[in-house]
Structure formats: structure tokens, C-alpha cells
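Worksheet: the structure to be examined is printed underneath.
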Amino acid sequence: MKGAKDVSKVREEIKRIALENAIKHDGKAQAKPVLGRLLGKNPNLRGKIREISSLVNEVIREINSLTLKQQIEIVQNLWPEMLLKEKEKIEEKKKLPPLPNVEKYKQIVTRFAPNPDCVLHIGSARAIILSHEYARMYNGRFILRFEDTDPRIKKTALEFYDLIREDLKWLGCTWDAEYIQSDRMEIYYKYAEELLEKGHAYVCICRREDFKEKVQRKEPCPCRDIPPKENISRWKDMLSGKYDEGKAVVRIKTDLNHPNPAIRDWPAFRIIDTKKHPHPRTGSRYRVWPLFAFANGIDDHLNGITHIIRGKEHLTNQRRQEFLYQYLGWKYPEAIHYGRLKITGVTLSKSKIVRAVEEGVYSGWDDPRLATFRALKRRGIMPEAIRQMMIDVGPRPADITLSWKNLYAYNRKILDPIANRYFFLEEPKRMIVNEVKRDFTVSMRLHPDDPKRGKRIFAVKNRDGQAYLLISSRDFNHLKAGSLVRLMELFNVKILSKNEDTISAEFHSEDYEEARRLNLALIHWLPAGEGIPCKVIMPDGSVVKGLAEKNLLQASVDQVVQFERFGFVRIDQMKEEVQTFFTHE
Ligand SMILES: [Zn+2]
């Protein structure tokens, strides 16, 4: 770089690339790809790599200190074509990789098998969406199976069956058949008896610690070799109530030398005192309950599941279930195990969620602090955003970490073209503009890219040379006497003085070009007396109060709109005051 002129040219180019990168990554540009793009386009700069790198870092620091909204505003002004290009790219939707061995099956059948012990949350999204999407992709069937055979620890509750059905419908994942495991107890019993009779399973009445000690040493417990006849009689005693809770379990014979102790003679049935812990659907009718690996394994076969798509934490269960399948002469379905998906800043422990809702820590299943589908819905997150994100993540085996920001980026792409724009002033303060020579009528589009949706009209009256306006307290706090600012689509003003709740300003000029030349900040405003009370419930549960423009009354409940320079919100209620939930910036 020879002269100052070259430096400023390169700087401009870095700024453009960095903004593009920042907008793609939710407001944070990354140095490496920016530098890479720059050098790719300008190979002559490679010799100056050190100077260029520090210039890149400097520009990125600047860009990253802006909000995403500000970044988009800059691009809209300087390089509007860049945003069009971004929009086109979004159109190319990603597809899932093919499933293995599809040709071996007449029809692909997948399933989602929740325990109805809580509403569904984002942690289940991957299993649901991938299973549903694959069934759709192959014109197959998607099955919903409630795995409700634990009345004691992961306690099923009646309300969750319907809530889960509603959650799935909201996600757009409708199912072709539904099973409830607590309806199928006799089926599990029948297979238990078959396995006991054939000597593939036994009733173990050892103390749990004694069994554990033996199995750790790869030794059989005394129950392992009792004859089938005696096993059947012990089994009948389990069913009739001769054994108390915890006193007998049915174990599947496996390989006592298996390297993983969890697989050695795993438990398939246990006794639960349903007088004390009644099942919400069957009460105390059954006291012998299948454990997850057993009921789940039996049903996957009986439901005709061809492809199981689940997390790799289920690999141990597959190893257990393979013994079962071998004894029953069944073929194990194709199983696709994806890596762990960590979502930062999200409480996904179902028992914690249930407890906190019961204790009133959260206002309900749709409390905005939760990551339940109900909460996401209430906040204005679109099911399509969740679906797209999960399809992009796909069934890859590597672990992956996502954050709220990733989900917001998907959602923003969906909302941006549909959400109408409105002004909302948080904790508004007054601005009195002097030297106003006439009345002003300002009209702004409901959506900047779609004139057909109509306009919002604001009338600013000249009252003896003064105009009375309101601005948000955030802008109010930033403005200093002597500075210039543009009131969006209205005019440019100079700040004269400021007291606790009023700014006194003076008309400076009208042209937008003038504001651009002077590099003025753009702020939103309302004519005094024209706002309607509106509150925004934030994702942390806090409430922001303010005034929204009266045009908002034409919107409807459930609609997601954008409060300019504030963020997207979903309209929740429209009564004497408008109540909204904050979606994201
Ligand atoms: Zn035993």
C-alpha cells in the first residue's frame, strides 16, 4: 500500500467483506474468512500480509461493535445489492443425506418415542424433525409412540399426552399411527414368558448390590441357571404381588464377559408399587413394568420401524436389544446415531422444568425463559426455523454446539420478509423541536420491500414554530447538546439542551442526503400524544414498557412484527394495552 488513498480503498473493501460476513454470522464477523476473501480477490496484497491483517482486525473490531441492525442499515445504504444476494442464497435449502439400505424395505418407517413426563422442548427437535423428515422424504410412515412405562421416576402425567400431540402438530410433524406403551403391557408380558421359557431370561431375586458385585467380576448370580419352570413360577409371583417393589427383576441373558458391564444380563422388568405410585392411565392394574430397553426394542420390531434415528447415547441400548432380537429371531432395524447436540444457555432437564413450573418459578409451559416449543411459539419463533436448523445439522455423528443465536438467525430469515415494521418507543421522553416552519406528513411503508402492504402515516403539526415529539429513552440518553441527529423520514435536528425528561432541539435540515453526508444517526420517533401503551416481555422474563405507534392496532394477535431499531416481537394480546413477546433482534 503506497499512499493514504490506497489504504482507504483497501479499508473500504475490508469493510464491505466484513459486513457481509457479520450479517451472515449474526452480527459477528470473523477475521480469517474476511482476510481470505480479501486476499483471494487481491493477490497483490499478499506481500503486505502483516499490515493487512492488522487492518482487517481493526475494521472487524469496529463492525462487531455495531448491532446487527446497524450493520444491515449500513449495507442497505451503501451496498443494497449485497442483501439481495444474501436472500437468494437462503432460497437454496439443504437436504438430508440419504438413509442407508432404503432399497431393502417396502416402505420406510420411522418413529418418535417420547416419555410423556414433560412438554417437548428444543432438545427433542432433532429426533422429531429428522425422523419425520426422512419418512416424508421416502414417502414412508412416521409413528408416534408414547413410552410411558415408568410410573415412578420419570413420572408420566396425563396432561402431557395431549400437550405433546399439540407440540408435534405445531412443528408440522403429523404422524401416521400412534401407540401408547401402557396399553401394550400384555404384549410385553407375552414376550417375557417366551424368553423365560426358552431360557434366554431369568428372574433375579438377588439384592441389587450382590448382583452388581458379581457381574462386575463377570460371574453369574445364583438365579442365572435355575430351570425355566422355576423362572415361570417366580414370574407368576412377581405378577401376583408376592415380591415387593425392588425384590425381583427379569434379566435378559447376555454375555457375562461383555466389555461393557451395562450390557451384562441387563434388567428387562421390575416391580413398581403402583398402590403408592399409580400410573396415570392404568392406575394400579399393573405392578410389573418393562424397562426402556425392553419395551422400546419390542415395539420397534412390532411397529415395523425400518430406520431408528437417535442420539449416540442409545448405542448401549442397541447392544442390549440385539440380544433380544437374536433370541426372538428378529432383524434389528437400521439405526443411525447422531452426535450430541449441545444448546448453550438452555435448561433441558425435564424434571427441573416440571418442578419449576409446579413451584411457580415459571409462569407456565410457555414461560419465555424456557426452551419448550410452547415458549418458542409464544415468542414468535417459527417452526420452520427449527426445522431448517435441524435439517442443516442433520444426522452427523460429530458432536455439535448451537446457541440461541443460531436459531435466531434461521428465524430472522423467515421473519424479515413477512414482519411489518412499526415504531415502538421504550420509556419515551419528550423532544421539542424549534424553528419548524410548516406541518409535515410522513408516510412509511409497512414493509420496506413490499409497497403493496400499504403505509403508515404520521402527521407532525407546527405549533407556533414548534413540533412536539417523543423518542425512546435509549436514544434520549445518548443524545448530547450540540449534536445532530436525523428523525427517520422526517428531518434533521440539532440538540440544544436536555433536562430529565425533555430534549430541546432545533430544526436543522430536511434532506436525507444531508444526514448521510454528515453521517448522522437515524432515530425513530412519534408525534406526541399518538402512541398506544405497549409492553414487551423479554426472554429473561423482564418487561419493557413503552408506546407503540397507533398503526399497530391494525395488526392482529399472533402476528410477528418488527419494532424498528428494537427487534421482532410477537403480538400476544391486544386489550387496553398491547402485550408482546420479544422474539430477537
Ligand atoms: Zn440373581
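The criterion of being surrounded by fewer than 19 Cβ atoms within 10 Å (Cβ to Cβ) and under 33 Å from the mean Cα position of the chain (by Cα) does not hold for ARG320. Sub-7 Å Cβ pairs linking a first residue in the range 222-244 that is under 14 Å from VAL288 (Cα atoms) to a second residue that is within 15 Å of the ligand (Cβ to nearest atom) and of a type in the set (Asp, Glu), at least 6 apart or interchain, are TYR243/ASP237, ordered by first then second residue. Return yes or no: is GLU178 within 16 Å of the ligand (Cβ to nearest atom), exposed (fewer than 15 other Cβ atoms within 10 Å of the Cβ) and under 44 Å from the mean Cα position of the chain (by Cα)? No: the conditions fail for GLU178. Given the structure, is ASP167 open to solvent by 80 Å² or more (accessible area, probe 1.4 Å), under 30 Å from ILE128 (Cβ atoms) and more than 16 Å from the ligand (Cβ to nearest atom)? No. Here PRO428 clears all of (1) within 30 Å of SER504 (Cα to Cα); (2) modelled with pLDDT under 95 except the condition numbered (2).
Taking each residue of the range 144-159 that is without any contact (Cβ under 8 Å) to a residue 24 or more places away in the chain and looking for partners that are crowded, with 22+ Cβ neighbours inside 10 Å with beta-carbon atoms closer than 9 Å, six or more apart or interchain, yields GLU159/PRO116; GLU159/VAL119.
The sole residue among ILE381, ILE471 that is farther than 22 Å from ILE537 by Cβ, touching a His at 6+ places or on another chain (Cβ under 9 Å) and among the hydrophobic types (A, V, I, L, M, F, W, C) is ILE471.
Exactly one condition in (1) open to solvent by less than 50 Å² (accessible area, probe 1.4 Å); (2) at pLDDT 95 or above; (3) part of a helix (DSSP H, G or I) is false for LYS377; which is it? Condition (1) is where LYS377 drops out. Only one of (1) over 40 Å from the mean Cα position of the chain (by Cα); (2) open to solvent by 50 Å² or more (accessible area, probe 1.4 Å); (3) among the β-branched types (Val, Ile, Thr) is not met by ILE187, so which one is it? The one condition ILE187 does not meet is (1).
Out of contact with any helix residue (DSSP H, G or I) (no Cβ under 6 Å at 6 or more places or on another chain), more than 21 Å from MET444 (Cα to Cα), not in a strand (DSSP E or B) and not aromatic (Phe, Trp, Tyr), is that true of VAL557? Answer is yes for this residue. GLU489 meets the stated requirement of being closer than 12 Å to PHE440 by Cβ, open to solvent by 20 Å² or more (accessible area, probe 1.4 Å) and either in contact with an Asp or Glu (Cβ under 9 Å, 6 or more places away or on another chain) or in a loop (DSSP other than H, G, I, E, B) (or both). When residues in the range 416-466 are screened for being farther than 30 Å from LYS24 by Cα, assigned to a loop (DSSP other than H, G, I, E, B) and touching a residue at least 12 places away in the same chain (Cβ under 8 Å), 10 of them pass.
Hey, does the range 271-281 have a residue that's at pLDDT 95 or above and either closer than 23 Å to ASN317 by Cα or within 16 Å of the ligand (Cβ to nearest atom) (or both)? Within the range 271-281 (the criterion being at pLDDT 95 or above and either closer than 23 Å to ASN317 by Cα or within 16 Å of the ligand (Cβ to nearest atom) (or both)), the answer is yes, since at least one residue qualifies. Inside the range 152-177, residues that are more than 25 Å from THR274 (Cα to Cα) and either of a type in the set (Lys, Arg) or outside any loop (DSSP other than H, G, I, E, B) (or both) make up a count of 8. Residues that are open to solvent by 50 Å² or more (accessible area, probe 1.4 Å) and touching a strand residue (DSSP E or B) at 6+ places or on another chain (Cβ under 8 Å): does the range 209-222 have at least one? No - not one qualifying residue is present in the range 209-222. Scanning the range 223-245 for residues that are charged (D, E, K, R) and either within 15 Å of the ligand (Cβ to nearest atom) or surrounded by 15 or more Cβ atoms within 10 Å (Cβ to Cβ) (or both) yields ARG224, ASP225, GLU230, ARG234, ASP237, GLU245. Within the range 135-154, being closer than 20 Å to ASP299 by Cα and surrounded by fewer than 24 Cβ atoms within 10 Å (Cβ to Cβ) holds for GLY140, ARG141, PHE142, ILE143, LEU144, ARG145, PHE146, GLU147, ASP150, LYS154. Of all residues in the range 196-210, those being in a helix (DSSP H, G or I), touching a residue at least 40 places away in the same chain (Cβ under 8 Å) and near the ligand (Cβ under 10 Å from one of its atoms) number 0. The residue that is modelled with the lowest pLDDT, among those in the range 86-116 that are closer than 30 Å to GLU12 by Cβ and surrounded by 11 or more Cβ atoms within 10 Å (Cβ to Cβ), is ILE90.
The values are calculated or read from the model by the stated rules, or taken from the named source; none is laboratory data. What you see is a predicted model; the values in this text were computed from it and never measured. Methodologically, a virtual Cβ is constructed for each residue, glycine included, from the backbone with ideal geometry; neighbour enumeration extends over all protein chains shown. For accessibility, only protein heavy atoms count, side chains too; no ligands or nucleic acids. Shrake-Rupley method; radii C 1.70, N 1.55, O 1.52, S 1.80 Å.
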